[in-house]
């Protein structure tokens, strides 16, 4: 259904029955509004939201000329890590994501660090959809502020988005996740992905905060245990993948996994040619 064109050169044109989709993605940016300190041993003077915003703007302008479609996604943990969160309770991070016009995000464990009520207040300012496929939040202040899936129309391309959230038991205190009901991430993500394929989505993307590889449920096991997910945009493990990794699902179809380290040092990009039915 899709052809990976990572590091696309020369503006290859989409075929009449396909669409060039550019997936831009971040994860674990951890309130890094400013660039990394110039004195840092790693990634000195790299990153920063203003540079990210400028890069996104340029890519969107170039894509428009080539009639390509652009998605901007985040796989969670966009707060906690610098004084911006300590002093402004996530308002700066959300405002910057609004400015960059994220198409969809999911929640990581650190979004719950100040409790569900504080998170609900933070998300009340969000102008982007928050996808939570395997957290039942109906008995919390987040009821109505998240959704289990999303369908986006980009030109002739119909895109489905689901999520896979990590089990919070050992990561978030019980009082900060009160009344949140965790459901199996693999089962729920693939359940909604199946529904989205039945709604004629040409591609289904999962925003995952499971981590790339671990003994428990992770992105690799999510890919191999699913049937309806095409792309996994990952987070949590701070894994930097220079190029997307290919795994095969239960039916032998390719699933692409990508993740961009941490702190917003890099903006991830994946170029796909997606067949349109």
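Bear in mind these aren't lab numbers, they're just calculated from the coordinates by the rules spelled out. Keep in mind it's a predicted model, so treat the numbers as computed, not measured. All Cβ positions, even for glycine, are placed from backbone atoms using ideal geometry, and neighbour counts span all protein chains on display.
Give, in nm to one decimal, the length gained when the segment between residue 127 and residue 66 is fully stretched (0.36 nm per residue of separation minus the Cα-Cα distance).
19.3 nm
Counting only helical runs of four or more DSSP H residues, what would the 222 nm mean residue ellipticity of the chain come to if each run contributes -39,500 (n - 2.57) and the total is spread over all its residues? Display every interim value, and only then the final one.
Working: 6 runs with 63 residues, N = 277.
So the calculated ellipticity at 222 nm is -7000 deg cm²/dmol.
Return P(r) of the range 55-98 (all Cα-Cα pairs; 10 Å bins starting at 0; whole %; ordered from short to long distances).
24, 36, 26, 14, 1
From the C-alpha gyration tensor of the range 120-277, pull out the three semi-axes of the equivalent ellipsoid (sqrt of 5λ each), sorted largest to smallest, in whole Å. Don't jump to the answer; show the numbers that get you there.
On the way: eigenvalues 118, 72, 53 Å².
Its equivalent ellipsoid spans semi-axes of 24, 19, 16 Å.
Distance in nm between label sites at residue 17 and residue 167, each 7 Å beyond Cα in the beta-carbon direction?
Placing both labels 7 Å beyond Cα along the Cβ direction yields 4.4 nm.
Using volume of the Cα convex hull per residue in Å³ as the read-out, say which of (i) 115; (ii) 157; (iii) 125 was calculated from these coordinates.
Of the listed options (i) 115; (ii) 157; (iii) 125, (iii) comes from this structure.
Would you mind classifying the range 56-163 by shape? Square roots of the alpha carbon gyration tensor eigenvalues, ordered a ≥ b ≥ c; an a/c under 1.5 is rounded, otherwise it is prolate if a/b is larger than b/c and oblate if not. Display every interim value, and only then the final one.
Working: a/c = 2.76, a/b = 1.46, b/c = 1.89.
Oblate shape, in that a/c is at least 1.5 and b/c is the bigger or equal ratio.
Between residue 91 and residue 199, what FRET efficiency follows from the Cβ-Cβ distance if R0 is 51 Å, with the result rounded to 0.05? Please report the intermediate quantities before stating the final value.
On the way: r = 35 Å, r/R0 = 0.68.
So the FRET efficiency works out to roughly 0.90.
Residue 101 label point, 7 Å along Cα→Cβ, cut-off 17 Å on backbone N: hits in the range 152-173?
Residues 152-157 qualify, since their backbone N sits under 17 Å from the label point.
Using a basic spin-label model with each label point 7 Å from the Cα along Cα→Cβ, how many nm lie between residue 156 and residue 238?
My value for the distance between the label points is 4.5 nm.
At residue 58 and residue 44, where each label point lies 7 Å from the Cα along Cα→Cβ, what is the point-to-point distance in nanometres?
Those two pseudo-labels are separated by 2.3 nm.
To check you understand DSSP bridge types, tell me what percent of the beta bridges within the chain (both residues inside) are antiparallel, rounded to 5.
Numbers: 23 of 46 bridges.
For the chain, the DSSP antiparallel bridge percentage is about 50.
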